[in-house]
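Take a look at the structure below.
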Amino acid sequence: MGLFTKDYPAEIAARVPPGQHLVKTWPVLHYGPIPRFDGQTWDLEVSGAVERPLVLSYEELRALPTVKVHADMHCVTGWTTLDNDWEGVAFPTLLERALPKPEAKWVIAHCAYGYTSNLSLAAMEDDDVLVAWRNNGEDLAPEHGWPLRLVVPKRYAWKSAKWLTGLELTDHNERGFWEVRGYHVHAEPFAEERYGYQERPRAELEP
Ligand SMILES: Nc1nc2c(c(=O)[nH]1)N[C@H]1C(S)=C(S)[C@@H](COP(=O)(O)O)O[C@H]1N2
Ligand SMILES: [Mo]
């Protein structure tokens, strides 16, 4: 059960975005079934507007340099969890290998069963964005996205796509599963960017 934001100590309250409340357990939230992981066939593709498209087997992905990211998580339905320790591969590490073309401005995350979400490449290039397989010292449970999920801490959590299979760079804003259903493309919790009708042009994305 959440408390009212005004009851949190100041240093905690500062980390709870407007309209959000803290939960102590980690909720499970997604649309559709939980896919079964097959390490023989699973791979991660980095495709689209890149010089060197990548297809990484699970083994190849796990052989890349890893990072740890400490971050909070905010679901647009209202819950926030603090102090998640994620482990995986930093998005810039993938970008470095795929080499984005100059026209690349957006990224679409592709997942099992066709779930997608998109963000500007600028948002994805933040140093806390990673593809993760561990949380708080344990491998992700199937329901939390095993074998791989995207984690974008500074955006609402529908952008942190579970059961990730691909990252596609594009030169245009192609809305994902929730973005076409009325949710915000940039989705910054501290600006409370929940819905598409709140969208304003971003200077860095003007042609
Ligand atoms: N593939 C996929 N990823 C998804 C979703 C989904 O429906 N499908 N739901 C998103 C939403 S709305 C949230 S809040 C987070 C929840 O992650 P969790 O279940 O690990 O807490 O996953 C996100 N990633
Ligand atoms: Mo969510």
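Quick notes on this one:
- Close pairs from region 53-79: first farther than 15 Å from residue 94 by Cβ, partner at pLDDT below 95, Cβ under 9 Å, at least 6 apart: 59/39; 78/2; 79/2
- Region 119-165: number of residues that are surrounded by fewer than 18 Cβ atoms within 10 Å (Cβ to Cβ), in contact (Cβ under 8 Å) with a residue 60 or more places away in the chain and of a type in the set (Gly, Ala, Ser): 2
- Any hit, region 1-15, residues being over 30 Å from residue 170 (Cα atoms), of a type in the set (Asp, Glu), open to solvent by less than 80 Å² (accessible area, probe 1.4 Å) and away from ligand 2 (no atom under 16 Å from the Cβ): no
- Scanning region 129-176 for residues that are among the hydroxyl-bearing types (Ser, Thr, Tyr) and within 16 Å of ligand 2 (Cβ to nearest atom) returns 156, 160.
- Conditions (1) away from ligand 1 (no atom under 15 Å from the Cβ); (2) in a strand (DSSP E or B); (3) open to solvent by 10 Å² or more (accessible area, probe 1.4 Å); number of the one not met by residue 87: (1)
- The C-beta contact set for region 22-40 (first residue within 16 Å of ligand 2 (Cβ to nearest atom), second residue of a type in the set (Asp, Glu), distance under 7 angstrom, 6+ apart or interchain) comprises 28/143; 34/143.
- Of the listed requirements (1) open to solvent by 30 Å² or more (accessible area, probe 1.4 Å); (2) within 16 Å of ligand 1 (Cβ to nearest atom), residue 203 misses just one: (2).
- Test: residue in region 33-43 that is assigned to a loop (DSSP other than H, G, I, E, B), touching a strand residue (DSSP E or B) at 6+ places or on another chain (Cβ under 9 Å) and among the aliphatic types (A, V, I, L, M): no
- Top-ranked residue of region 168-180 - restricted to ones that are within 15 Å of residue 114 (Cβ to Cβ) and either of a type in the set (Phe, Trp, Tyr) or away from ligand 1 (no atom under 11 Å from the Cβ) (or both), ranked as surrounded by the fewest Cβ atoms within 10 Å (Cβ to Cβ): 180
The values are calculated or read from the model by the stated rules, or taken from the named source; none is laboratory data. This structure is a prediction, so every number in the text was calculated from the model and none was measured. Please note: Cβ atoms are built from the backbone with ideal geometry, for glycine as well, and neighbour counts cover all protein chains shown. All accessible areas refer to the heavy atoms of the entire protein, side chains included, with ligands and DNA or RNA removed. Shrake-Rupley method; radii C 1.70, N 1.55, O 1.52, S 1.80 Å.
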